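What follows is calculated from the coordinates using simple rules that are stated; it is not laboratory data. In this text, all values refer to a predicted model and were calculated from it rather than measured experimentally. Glycine also receives a Cβ, built like all others from the backbone with ideal geometry; neighbour counts cover every protein chain displayed.
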Amino acid sequence: MLLTPAPPALLLQTSFFDTLGRTTPVGFGVLAILLGFSLYSWAVIFSKLNVFRHAREANTRFLRAFRKATGLEAVLVASEQFRPSPLVSVFDFGYEEVHRQVKATGKIRNRLSLERTLQLGISEELAKLERNLNWLATTAAVTPFIGLFGTVIGIMRAFQELGQEGATSLRAVGPGIAEALLATAVGLAAAIPAAIFYNHFGHIVKEIGARMDDFSLEFLNLTERSFGE
C-alpha cells in the first residue's frame, strides 16, 4: 500500500503546532508579550483608520460650507453637522475669541490674540490626532528585540540539549532552532505593520495640520472683512 504525502499546508500546520508544543514557559511568555503588542497595535491601527477617514471627509465638507458662508454666524450654525472635522474645533476656538473681542469693542482690535487662540486650537487637535501613535512607534522599535531575546534563549536551550544528548546531526538540533526562530518571526510580524502604519499616519497628521494652518488664515481673512477696522 502506497502512502500519499501529506499536503504542504497540513505539514506546515503540524510543524507549527509541534513547535509550539515544545516551547518553554519563557518562550510562551515572550510570545504572549509579542501577541499583546500586536493585538493592541492592530486595535490602534483600525481605530485611527476610521478616525482619519472621517476627519478628512468632514474637513472637506466643512471647508466647502465655510467658503460659501457669508459670515461667522452662518458658519457656526452649519458647523454642528461637521463635528468630526478638526477644522470645526479650530473654528470654535477662533469664534469664541472673536465673540469676546467684538462684544467688548465691536471690532477685532487684537489680531495677535486671535492668532494665538487659533494656534491653541490647532495644537489641541494635533494632540488628539496623535494620541496612541506612540504605541505604534514603541511596537515597531521594541518587538524585534523582544523576539530576538526569545530567539537567543531558545538557541541556548537547543545547544544545551544537543550537548547533553551528544548528537551532532541537524535532525537533533533542528526543532530547537525552529522553536527559537519562531520568536523572531512573531516579533517581526508585530513590528512591520506598526512601522508602516506609524509612518502612514504621521503623514496624514502632517497633512491635516497643514490644512488647519491654512484654515486659520482663511478664518483671519473672514474676520477682518467682517469686523476689521
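Summary of values
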| quantity | calculated |
| --- | --- |
| Förster radius 30 Å - calculated FRET efficiency between F145 and D213 (Cβ-Cβ, nearest 0.05) | 0.20 |
| Convex hull volume per residue in cubic angstrom - Cα atoms of segment 35-100 | 80 |
| Burial order of peptide ranges 117-123, 218-224, 49-55 (average beta-carbon count within 10 Å, highest first) | 117-123, 218-224, 49-55 |
| Relative compactness, segment 24-227, computed as alpha-carbon Rg over 2.2 N^0.38 Å | 1.61 |
| Listed peptides 100-113, 26-39 by packing density, highest first (mean Cβ within 10 Å) | 26-39, 100-113 |
| In sequence order, calculated HN-Hα J values of segment 115-127 (Karplus, 6.51, -1.76, 1.60; Hz; x Gly/Pro) | 4, 5, 5, 4, 5, 5, x, 5, 4, 5, 5, 5, 4 |
| Packing-based order for 81-88, 153-160, 68-75, using average beta carbon neighbours within 10 Å, highest first | 81-88, 153-160, 68-75 |
| Relative contact order, percent, segment 24-227 [alpha-carbon distance under 8 Å, six or more residues apart] | 32 |
| Segment 90-154: C-alpha gyration tensor shape, a/c 1.5 cut-off, then a/b vs b/c | prolate |
| More than 18 Å apart - percent of Cα-Cα pairs taken over segment 55-169 | 68 |
